[in-house]
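Worksheet: the structure to be examined is printed underneath.
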Amino acid sequence: MKTNRTLTMAQAISEGIAQEMTRDSNVFVMGEDVGSYGGIFGATGGLLDKFGKDRIMDTPISETAFIGAATGAAAAGLRPIVELMFVDFFGVCMDQIYNHLAKNTYMSGGHVSLPVVITTAIGGGYGDAAQHSQCLYAIFAHMPGIKVVVPSNAYDAKGLMVQAIRDNNPVIFMYHKGIMGLPWMAFFEGSSNAVPEDLYVVPFGKANIVKEGSDLTIVTISQMVQKAVLAAKILEEQSIHAEVIDLRTLVPMDTESVLKSVRKTGRLLIVDEDYLGFGLSGEISAVIAENLDSVSLKAPIKRLAVPNVPIPFSRPLEQFVIPQVPNIVLAAQELMVKKIALLESK
């Protein structure tokens, strides 16, 4: 049994889907270019050859139609996995998602289960401009009835995908283009890691402490995990020991792990590639604020995210608005300086 293989995130997601399709004949895949192309970001690579066109189905560019078809198929007892190429295109079919997929289990009094997994690509950094570079996971986390999964590495991606397929609720599974391990796209090496060949699950709502530390807590998700780890290594050379938390899932969210870490470090930096306004960074900040009776902060919470502007096409501007490793290092350093200022003011 191979347990020490290194897979890319694309390979790991495809393997998880294949193993679940082999185990459960009710699982099938449809979406844009999922067949012979293997998904534009490789998440369905090789599946057509294994399972044929009756279970791996290319669709027209008709998001409302195939999200609606997936909802109906799930209501009838199947377990569809649907790829919608870019999260930026979800606006076309939002009524199907937030008025039907997210609500119909509740509106049926629990009599209808809708085990649909929607996969999609998120993130910028490649000059894809404002309509192909967003994350937007906070929008879906805001909708009751949908679980939101955002892996940062291949091991998690496979286990979270298997869990998503088995879940009886709709799940939006978001993978960052920059950590899929595609040869034609630069990516962060840390996202490709050892993936067991056996089937396994990574449970929803359980964050991963990627790196332990005592001076400050960095909470993040997706590609920003890789950037935070690189920043933490630089900070370590300056005797600043950062704890890095990968949330893995936004819904459900492991708030207890965040609280436990901040109770230990007393400082919190939230790093996010989604927009700053009304997003993940604000939600985490609110969790800490609501628990100040058990958390003693040594400095104000610091948030690092995309300012409320469309993602620019210009590479220098795009690099400016998306948090980078030096930005994370600087923000952490500022948190440590703030500690000194607070002590001197007493």
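The values are calculated or read from the model by the stated rules, or taken from the named source; none is laboratory data. Since the model is a prediction, treat every value here as computed from it, not as a measurement. No Cβ is skipped: glycine too gets one built from the backbone with ideal geometry, and neighbour counts run over all protein chains shown. To get the accessible areas, we keep the full protein, side chains included, count just its heavy atoms, and leave off ligands, DNA and RNA. Shrake-Rupley method; radii C 1.70, N 1.55, O 1.52, S 1.80 Å.
Summary table below
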quantity: Cα-centre dipole for the range 116-199 with unit charges at Cβ (Lys and Arg positive, Asp and Glu negative), debye to 20; calculated: 200
quantity: Over the chain: helical MRE at 222 nm, DSSP H runs n ≥ 4 each giving -39500 (n - 2.57), nearest 500; calculated: -10500 deg cm²/dmol
quantity: Accessible surface, per residue, of the range 51-129 when the full set of protein chains is kept, probe 1.4 Å, Å²; calculated: 41
quantity: Per-q log10 I(q)/I(0), the range 188-325, q = 0.09, 0.16 Å⁻¹ (Debye; single scatterer per alpha-carbon; no solvent); calculated: -0.28, -0.87
quantity: Among 125, 193, 162 the positive-end extreme of the charge dipole of the range 89-223 (Cβ point charges); calculated: 162
quantity: Where Rh is the Kirkwood radius over Cα pairs, Rg/Rh for the range 250-346; calculated: 1.01
quantity: Pairwise centroid distance, computed over Cα atoms, of the range 158-232 with the range 107-124, Å; calculated: 20
quantity: Contact order normalised by residue count of the chain, Cα under 8 Å, 6+ apart, percent; calculated: 16
quantity: For the chain, size of Cβ-based charge dipole, Lys and Arg +1, Asp and Glu -1, in debye; calculated: 640
quantity: For the range 121-187: relative contact order, % (alpha-carbon pairs under 8 angstrom, 6 or more apart); calculated: 36
quantity: Share of carbon and sulfur in the accessible heavy-atom surface of the range 130-204 [1.4 Å probe, %]; calculated: 56
quantity: For the range 137-182, accessible area per residue (1.4 Å probe, heavy atoms of protein chains only), Å²; calculated: 21
quantity: q = 0.21, 0.23, 0.24, 0.32 Å⁻¹: log10 I(q)/I(0) that the Debye formula gives for the range 254-301, counting C-alpha atoms only; calculated: -0.68, -0.81, -0.87, -1.32
quantity: Whole-number percent relative contact order across the range 193-346, with pairs defined as alpha carbons under 8 Å at least 6 apart; calculated: 24
quantity: Ordering of 266-276, 171-181 by packing [mean C-beta count within 10 Å, highest first]; calculated: 171-181, 266-276
quantity: Theoretical FRET efficiency, 1/(1+(r/R0)^6), r = Cβ-Cβ of residue 25 and residue 65, R0 22 Å, to 0.05; calculated: 0.35
quantity: Cα centre as origin, Lys/Arg/Asp/Glu Cβ charges: the range 210-346 dipole, Debye; calculated: 300
quantity: Of the DSSP H helices in the chain, those whose Cα atoms cover at least 20 Å axially and whose Kyte score averages -0.5 or more; calculated: 9-23, 223-237, 325-345
quantity: Coordinate range along principal axes, alpha carbons of the range 114-162, Å, largest first; calculated: 34, 27, 14
